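Student: Below: one structure in structure tokens.
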Amino acid sequence: MSTNNIVLIGMPGCGKSSIGLMISNILQTDFYDLDQYIEEQEHTSIPELFKLGEDYFRQLESSAVRGIYHKQAVVISTGGGIVTRPDNMILLRQTGIIFYIERPIEMILASSDLTNRPLLAADNNRIYTLLEERKPLYEKYCDFRIINDKSLEMAVDLITNIMKKHCHNT
């Protein structure tokens, strides 16, 4: 693997964490789940942090990005709202190749427990509003778009193949 990080962005429940962990195992590199990283730093859960306000959480998220973006050859799975702050994406782009993991909303709703997702716990239908707000940002910031509508392994293969080609071309 090159020194570039693999950065995964996309909606909650699209598979970023699972795909990221699988890629890091294949490439034998470190994996950072940004939400998990924040929970470890703050010694509390994401839903608890959201009780202090979404803006408070986004500040913690930006701080976490500043804490890990400079690492080399790691896989980073971000929270779904990472794209709402341009500064986060500027930093992540400096050291990473950004993959937008796109999964049909119907598949997310069928396969994900959204009750622990602070912005979606009260109303699953809010996911449609979030997608409308965020999809243009995901598309703006990504280097590659991966459709995750089959198996996780297929998404992982697409990303690792892109990275192999990218490494040979640089």
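The values are calculated or read from the model by the stated rules, or taken from the named source; none is laboratory data. Bear in mind that the values here come from a model prediction, so they are computed numbers and not experimental data. No Cβ is skipped: glycine too gets one built from the backbone with ideal geometry, and neighbour counts run over all protein chains shown.
Student: Between a first residue in segment 6-34 that is closer than 25 Å to residue 106 by Cα and a second residue that is in a helix (DSSP H, G or I) and of a type in the set (S, T, N, Q), which pairs have beta carbons less than 6 Å apart while being 6 or more apart in sequence or on different chains?
Tutor: 33/17
Student: Same structure again: When you go through 40, 54 one by one, which is the residue that is of a type in the set (Asp, Glu), at pLDDT below 90 and surrounded by fewer than 18 Cβ atoms within 10 Å (Cβ to Cβ)?
Tutor: 54
Student: Given the residues 24, 62, which is the only one that is more than 16 Å from residue 97 (Cβ to Cβ) and either surrounded by 17 or more Cβ atoms within 10 Å (Cβ to Cβ) or not charged (D, E, K, R) (or both)?
Tutor: 62
Student: Cβ-Cβ under 6 Å, sequence separation 6+ or interchain: first residue in segment 67-78 and in contact (Cβ under 8 Å) with a residue 40 or more places away in the chain and within 18 Å of residue 19 (Cβ to Cβ), partner of a type in the set (S, T, N, Q) and exposed (fewer than 15 other Cβ atoms within 10 Å of the Cβ). Which pairs?
Tutor: 73/3
Student: Another one. When you scan segment 71-80, do you find a residue that is surrounded by 20 or more Cβ atoms within 10 Å (Cβ to Cβ), closer than 14 Å to residue 35 by Cα, modelled with pLDDT under 95 and not hydrophobic (A, V, I, L, M, F, W, C), even just one?
Tutor: Yes.
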